[in-house]
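The block underneath contains the structure these notes are about, expressed in structure tokens.
The values are calculated or read from the model by the stated rules, or taken from the named source; none is laboratory data. Just so you know, these numbers come straight off a predicted model, no measurement behind them. For neighbour counting, all protein chains shown are included, and Cβ atoms are generated from backbone atoms with ideal geometry for every residue, glycine included.
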Amino acid sequence: MNNLNLSKLLFIPLLCAGITASAQTNSLTGITQPEASSNPTAVLVNKSVNFTPLASGKNLFEQKAAFKNVAAADASSSTFNFGLELEGLLPVGNFKDATSAGLGVNAVGLYHIGDIGAVTGSVGYNYFLKKEDAEVKYSGIPIKVGFLAKFGGMFFVEPQVGVYNLRVSDEDDNSASNTNLLLAAKVGLNIGEKSHLGVGYNYIKVTGGSYAFAGVSYLFTF
């Protein structure tokens with residue numbers, strides 16, 4: 001009986017010592033139970049950003065180059081240039097009773113509006129050859145504005161309006177001139193990017209009547 005009580009008394013201290021040793025072992029090996037936090041906190045993570053002056057400079061250069069390309073495209077879509085137009089003129093109606101044929105030259109300015117066409121303005125000089133039995137000869141200065149409308153990139157139609165300073169002179173160089181309304185129209189072909197071949201008609205309204213002449217023209221732009 002005394003032996004049984006003694007063994008029980010020895011067992012209790014040994015059990016306590018084992019529990020203590022197990023707890024110390026867990027703390028040494030880092031095995032701990034997670035603890036719940038009642039106050040969660042935000043975790044800020046610092047991420048490094050790679051910024052190199054060379055890369056930013058390259059991007060800036062590419063942006064400037066792209067801007068220049070856009071500006072160049074805009075400039076090409078709306079440009080202004082000059083041209084020289086030569087004409088062979090043929091009087092019609094009552095005008096052919098006094099003249100047989102004529103020659104013309106025009107200085108032309110064109111303001112292109114994309115692929116649609118161009119606003120045109122011109123000033124020139126016309127000289128008509130008189131017939132043998134005619135008593136007077138004619139010349140004129142046409143000033144016109146118009147719109148050259150393109151169709152399919154190959155054909156064009158150009159209505160025009162302006163004034164025509166008509167000069168009449170005789171063999172003794174006596175002359176008179178007056179300025180009249182001029183209506184004109186032209187159709188033709190676009191030859192390449194810089195030249196046009198056209199056929200036109202010009203109507204000059206004068207006091208008491210009118211004069212008219214047709215023409216074949218070739219325009220070369222610079």
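Assorted remarks:
- Residue pairs meeting the criteria (Cβ under 6 Å; at least 6 apart or on separate chains; first touching a residue at least 24 places away in the same chain (Cβ under 8 Å), in region 190-204; second in a loop (DSSP other than H, G, I, E, B)): N190/M154
Yes/no matrix, rows are residues, columns are (1) farther than 15 Å from V108 by Cα; (2) over 29 Å from the mean Cα position of the chain (by Cα):
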residue	(1), (2)
G188	yes, no
I191	yes, no
H196	no, no
F213	yes, yes
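- Residue match in region 97-113 (condition: more than 30 Å from I141 (Cβ to Cβ) and at pLDDT below 95): no
- In region 193-214, residue farthest from D97 (Cα to Cα) [restricted to those that are of a type outside the set (D, E) and outside any strand (DSSP E or B)]: K194
- Within the option set N190, N180, being farther than 16 Å from T120 by Cα and in a strand (DSSP E or B) holds for one residue only, N180.
- Residue list for region 130-142, filter: surrounded by fewer than 16 Cβ atoms within 10 Å (Cβ to Cβ) and under 43 Å from the mean Cα position of the chain (by Cα): I141
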